[in-house]
Every structure is written in C-alpha cells, then in structure tokens.
Amino acid sequence: MQSTLQIYNTLTRKKENFEPLSPPHVGMYVCGPTVYGDAHLGHARAAITFDIVFRYLMHLGYKVRYVRNITDVGHLENDTDELGEDKIAKKARLDQLEPMEVVQLFVNRYHKNMEQLNVLPPSIEPTASGHVIEQIEYVKEILKNGYAYEKEGSVYFDVVRYNEDYNYGKLSGRKVEDLLQNTRELAGQEDKKNSFDFALWKKADPKHIMRWPSPWSDGYPGWHMECSAMGAKYLGEQFDIHGGGLDLLFPHHESEIAQVNAAKGHEAVKYWMHNNMITIDGQKMGKSLNNFITLNEFFSGDHEALDQAYDPMVIRFFMLQAHYRSTLDFSNEALKAAEKGMNKLFEAYKLLDQIQESSSSVDIKKYHDLCFDALNDDFNTPIALAHLFDLSRIINQVNDGKKSFTKENITIAKKLFETLLFSVFGLRDEKGKDDSHLIDYLMETILDIRKQAKENKDYATADKIREELEKLNIQIKDSKEGSNWLFK
RNA sequence: GGUACCGUGGCCGAGCGGCUAGGCACUGGUCUGCAAAACCAGCUACAGCGGUUCGAAUCCGCUCGGUACCUCCA
C-alpha cells in the first residue's frame with residue numbers, strides 16, 4: 001500500500017499532497033550559492049536536501065526542470081566601513097582579481113564539491129549577472145504597477161503600499177505593523193520611505209566595479225530580484241516548488257513573493273520548502289561567525305575541529321540520517337557513527353550476491369512499502385534508512401543461516417537497495433573501486449597463504465598478515481567456510 | 001523588543017494520543033586458534049510543574065533552558 005507524496009509547505013505550515021501544476025512536469029527553483037568563498041556544510045545540506053527531492057521526483061516518474069541559480073552579483077555588505085560595497089567586488093579588490101575571476105574560481109570549486117557529494121547538476125544553472133536585462137524588465141513592471149518608487153537612481157519596493165493590496169509577511173509570519181514599530185536606523189537608508197523597503201535596483205557608487213546601465217542609473221539589481229526574474233524566465237509565471245535554506249525565509253523569500261505579486265498580480269510558487277541549518281556545538285555556522293568548516297576541509301581532515309578526514313559520502317549519509325527540516329548538530333562522534341552505519345548497509349547489500357536461495361521466505365515487500373511511505377511523508381530519509389537497517393539485519397541473519405530468502409526475496413531486496421541507496425539517496429560505495437581486479441587477485445593470493453599458515457598452526461604468520469592488511473584498511477573476516485575481506 | 005522554532009537514553013536522531021524507531025558507543029553471550037565482522041540478549045529516555053484524556057514524549061497552560069530570523073549567510 002503506497003501512499004502519495006506529501007510535502008511540508010512553509011506557506012501553510014502543513015503537509016500537503018503534492019499535485020504538480022501540469023503533470024508530469026515539475027518546476028523546481030532552489031536558491032544556490034553566492035560564490036565568493038568555498039562551500040561549507042550548510043551549502044552541502046541545501047544541495048543534498050534538494051538533490052534528494054530532485055532524485056525522488058524523477059524516481060516517481062516526473063519530468064523535473066530543476067533550476068538552481070548562482071548568485072554572482074553579490075549582495076550589499078552591511079559593514080559600516082564597507083558601505084554599499086558588493087561582496088564579490090570586495091573580495092575581488094582584496095585578491096586583486098577581476099570580479100568575474102572570483103566568480104569563476106568559486107563556481108568551479110563549488111561544482112567540484114557537488115560532484116564529490118554526488119549531487120546531480122541542476123537542469124539549468126543561471127547566473128544573476130547573465131540576467132540583468134530580465135531583472136530590469138521585472139523592476140519596470142513593479143514600478144508600472146505602482147508598488148515601487150525611484151529615489152536618487154535607486155528603485156525601492158514600497159512595502160506599505162504593497163501591504164494595502166496584499167499581505168507582506170504571509171510566508172514568515174511577520175506583520176507590517178510590527179515591522180513599523182521595529183524601525184531601526186541603518187546607515188545608507190535615507191532614501192527609503194521605510195527601513196524595511198528593499199532595493200530592486202541600486203545605484204552604484206563610483207568605486208563599485210560591478211555595474212550595469214539601466215533606466216535609473218548605472219548600478220546593479222537588488223538582492224531578491226534575480227530569483228523572481230530567473231524563476232519566471234525558466235519555469236514560467238507559476239511553478240511548483242521553490243526551495244532554499246531556512247535563513248532565506250525572511251526577508252529573501254518573503255520579498256520574492258511580494259515582487260511576484262507586485263509585477264504579475266498573482267503568486268508564482270505552489271510549495272515553499274526550507275531546509276534547516278547545521279549547527280556546531282549547538283550554534284549555527286555562518287560566514288560572519290567564522291566557525292564554518294569548508295567541504296574541502298572535511299574531505300581532507302585539515303581543520304582543528306576534525307579528528308579525521310571524512311569521505312564525501314559520509315557527509316551525505318550524515319545529512320540523510322536527520323530530517324531536512326530539523327537542525328543537525330555536527331560532531332566527530334556523529335560523523336563517525338554515520339560512517340560505520342553507512343558501511344553496514346553497503347556490506348549487507350553486497351551479501352545479497354552471495355547468499356543461498358531457499359524455499360522459505362521473508363516478507364521483504366513490507367520493507368519496500370515502509371521505505372517509500374517514509375519518503376512520501378515529506379522526504380523522511382531517516383525513517384527510510386531505519387527500515388533499510390532492519391532489512392540489513394535480516395540479510396545478515398540469512399547469511400548466518402538463521403533465516404532464508406527465496407530467489408524473489410533476493411531480487412526485491414537488491415532492487416530496493418539499488419533504488420534507495422544509489423538512485424534516490426545518491427550514495428555510492430567508492431572504496432577499492434579502482435584496480436579492483438588486481439586487488440582481488442592479490443587478496444586471493446594473500447588469503448591463500450594465510451590459510452596455509454593457519455593449517456600449519458603458524459598463527460604468527462596468519463596474524464602478521466591480518467595486522468599488515470589492517471594498516472591498509474583491509475579487514476579480514478574468518479568463518480568456517482574460509483576467509484573474506486573488505487575495505488573498512 | 002518583534003517573529004518563528006527547539007529541549008528525547010552516553011552521543012546522533014525518528015516520533016504528530018495507545019503499539020520495540022534506527023545508527024553509533026557500552027555490557028554479556030554465540031561463532032572463531034585469537035581477533036574482527038555477523039547474530040542473540042541487555043542498558044530503554046522523553047527539561048520541570050500543572051491541566052485535558054480511559055490513556056500524553058505526542059494536545060493545552062505556565063516555568064526554566066537553548067537556537068534562529070528581524071542585517072550578508074544554506
């Protein structure tokens with residue numbers, strides 16, 4: 001009995017049945033990285049969360065167009081001494097690089113990290129800088145409809161005016177009246193009618209390198225503009241899913257909703273999805289807090305907070321063991337636990353090729369249904385994994401001769417592991433992948449020698465072989481039938 | 001100050017009113033020349049105080065503690 005997919009919609013704060021606007025097509029837009037530094041665990045979580053959504057929707061047979069942008073125009077810095085300077089421009093000046101050189105460098109590094117994490121590339125990966133014209137057109141529409149005003153070459157969104165016709169704050173649960181009371185004085189905002197009005201177009205000061213001509217000034221688009229413009233361009237005026245990190249809920253996504261209503265008179269997004277944050281020692285990680293560990297540091301182990309290097313797949317598995325809407329606290333202990341758990345699943349999967357068929361069977365279908373029910377329940381990967389662990393125990397029991405599988409059982413179990421672990425969860429068992437024939441032959445020989453040593457009661461030699469292989473992360477497993485081995 | 005959210009056993013982490021989550025760690029056992037792996041068994045918790053209910057980790061209230069957003073960030 002397979003349920004239908006339900007997605008938690010931030011807009012309604014409820015799980016809703018997933019019904020695409022025009023099946024079998026699904027349009028999904030996810031806020032991608034601002035490329036002025038290396039990707040960290042937080043980027044990985046967002047990417048992996050929506051990679052799972054992307055993969056699972058495809059598994060269900062949908063034709064998904066997945067758009068994930070690259071923010072390469074940068075956002076306004078709020079540092080008082082760097083007033084109005086674009087993040088990317090700032091980094092460029094510090095490094096004596098062209099802005100687009102910085103962008104290219106970190107885009108390349110981001111792509112490499114994503115590949116390591118086995119995150120599928122999106123269908124379209126548009127850049128903000130490549131869509132300035134679309135953004136200008138979008139600003140014009142909002143101006144024309146009277147929801148924005150121009151001041152000193154910049155264009156601002158008029159939140160109070162908008163709120164007369166629509167509801168600003170519906171996504172994040174904020175009220176304009178509260179925002180009004182909560183006015184703060186921020187430097188450089190004299191041009192705005194209200195502090196919470198946001199820029200649609202910003203005039204560039206003379207030092208600002210990244211700039212484009214527009215009807216209002218030489219400048220650059222405001223920071224919520226790109227997603228509205230590019231979402232509309234590639235997914236249409238209405239599309240199914242918009243995703244991103246919870247930190248983007250306000251003001252970014254709230255403002256996107258406002259922009260769309262202001263320009264088009266209706267909303268664009270049916271399901272809003274937000275992944276939760278990663279914490280380190282219970283505290284969020286963030287660029288400004290300087291407590292983030294980059295993915296490259298995880299993969300190399302080169303960071304004082306790390307006990308060891310972690311395989312990209314361990315990071316991926318670690319994320320899947322928590323629900324995407326929960327915060328996930330990082331620790332070496334948790335990561336090591338994930339590493340062991342993941343290997344346990346891989347080993348159980350491999351055993352399926354070795355176990356003997358029999359006539360008596362086990363109810364495997366049950367695990368299949370439980371796993372997919374979990375995924376259908378707002379992508380509950382930790383529950384699905386729990387069921388796979390249960391199935392792994394059964395496979396091991398079969399291998400130990402305590403239970404038995406029919407041929408059909410084995411087929412179903414293999415299919416389930418392949419679909420979930422590799423296809424939907426995007427995990428891959430990479431250990432010992434290269435030179436596997438050579439390694440297999442060498443290991444066969446070595447194990448043969450060890451077997452003879454054991455027959456001669458030469459345990460010193462047998463143990464020596466085992467210990468030396470241990471150093472190469474090769475583990476010997478002895479049993480009555482002979483010896484086996486695996487990469488730890 | 002405003003707005004959201006969270007507090008589960010040694011650690012991570014599910015849970016959405018009744019039924020063992022799961023992983024890791026630990027303890028005992030089976031197996032093994034020994035070890036590892038695997039299997040079996042054990043440890044079995046829901047911040048505190050009230051309330052609703054036949055029954056609450058799960059709903060309501062209060063208290064305490066923590067986090068995020070409101071300013072760039074996944």
Single match in A:Glu254, A:Glu297 (criterion: within 14 Å of RNA strand B (Cβ to nearest atom), acidic (Asp, Glu) and in a helix (DSSP H, G or I)): A:Glu254
Residue count for region A:369-413, restricted to those that are assigned to a helix (DSSP H, G or I), closer than 25 Å to A:Asn275 by Cα and open to solvent by 20 Å² or more (accessible area, probe 1.4 Å): 7
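Each row is one residue, and each column tells you yes or no for (1) surrounded by fewer than 17 Cβ atoms within 10 Å (Cβ to Cβ); (2) in a helix (DSSP H, G or I); (3) touching a helix residue (DSSP H, G or I) at 6+ places or on another chain (Cβ under 9 Å).
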residue	(1), (2), (3)
A:Tyr149	no, no, yes
A:Leu200	no, no, yes
A:Ser214	no, no, yes
A:Ser217	no, no, no
A:Tyr220	no, no, yes
A:Gly231	no, yes, yes
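Table: residues versus (1) within 13 Å of RNA strand B (Cβ to nearest atom); (2) open to solvent by 50 Å² or more (accessible area, probe 1.4 Å).
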residue	(1), (2)
A:Lys415	no, yes
A:Leu420	no, no
A:Phe425	no, no
A:Leu447	yes, no
A:Gln452	yes, yes
A:Asn456	yes, yes
A:Ile474	yes, no
A:Gly482	yes, no
A:Trp485	yes, yes
Residue satisfying all of: in region A:110-129; assigned to a helix (DSSP H, G or I) and out of contact with any strand residue (DSSP E or B) (no Cβ under 9 Å at 6 or more places or on another chain); most open to solvent (accessible area, probe 1.4 Å) among these: A:Lys112
Residues that are more than 16 Å from A:His242 (Cβ to Cβ), in contact with a Gly (Cβ under 8 Å, 6 or more places away or on another chain) and crowded, with 19+ Cβ neighbours inside 10 Å, drawn from region A:6-44: A:Thr34, A:Tyr36, A:Gly42
Any hit, region A:327-342, residues being at pLDDT 90 or above, away from RNA strand B (no atom under 14 Å from the Cβ) and surrounded by fewer than 16 Cβ atoms within 10 Å (Cβ to Cβ): no
Subset tally (residues that are farther than 21 Å from A:Asp377 by Cβ, open to solvent by less than 20 Å² (accessible area, probe 1.4 Å) and within 13 Å of RNA strand B (Cβ to nearest atom)) for region A:305-317: 2
Positions within region A:461-472 being near RNA strand B (Cβ under 8 Å from one of its atoms) and free of Cβ contacts under 8 Å to residues at least 12 places away in the same chain, in sequence order: A:Asp463
Condition met for A:Leu105 (in a helix (DSSP H, G or I) and within 22 Å of A:Lys202 (Cβ to Cβ)): no
Cross-chain or 6+ apart pairs with Cβ under 6 Å, region A:362-390 first and farther than 20 Å from A:Asp51 by Cα and free of Cβ contacts under 8 Å to residues at least 60 places away in the same chain, then of a type outside the set (Lys, Arg) and more than 11 Å from RNA strand B (Cβ to nearest atom): A:Val362/A:Asn409; A:Ile364/A:Asn409; A:Ile364/A:Ile412; A:Ile364/A:Ala413; A:His368/A:Leu416; A:His387/A:Tyr367; A:His387/A:Cys371
Selection from region A:261-272 of residues that are buried (at least 23 other Cβ atoms within 10 Å of the Cβ) and touching a Ser or Thr at 6+ places or on another chain (Cβ under 8 Å): A:Ala263, A:Ala268
Looking only at region A:426-445, and only at residues there that are of a type in the set (D, E, K, R) and at pLDDT below 65, the one that is farthest from A:Asp311 (Cα to Cα): A:Asp435
Filter result (more than 8 Å from RNA strand B (Cβ to nearest atom) and either on the phi > 0 side of the Ramachandran plot or open to solvent by 70 Å² or more (accessible area, probe 1.4 Å) (or both)) within region A:343-368: A:Lys350, A:Asp353, A:Gln354, A:Gln356, A:Glu357, A:Ser359, A:Ser361, A:Asp363, A:Lys365, A:Lys366
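The values are calculated or read from the model by the stated rules, or taken from the named source; none is laboratory data. Just so it is clear, the model here is predicted, and its values are computed rather than measured. Positions of Cβ are backbone-derived with ideal geometry, glycine not excepted, and every protein chain shown enters the neighbour counts. Just so you know, the surface numbers come from the protein's heavy atoms only, side chains and all, with ligands and any DNA or RNA stripped out. Shrake-Rupley method; radii C 1.70, N 1.55, O 1.52, S 1.80 Å.
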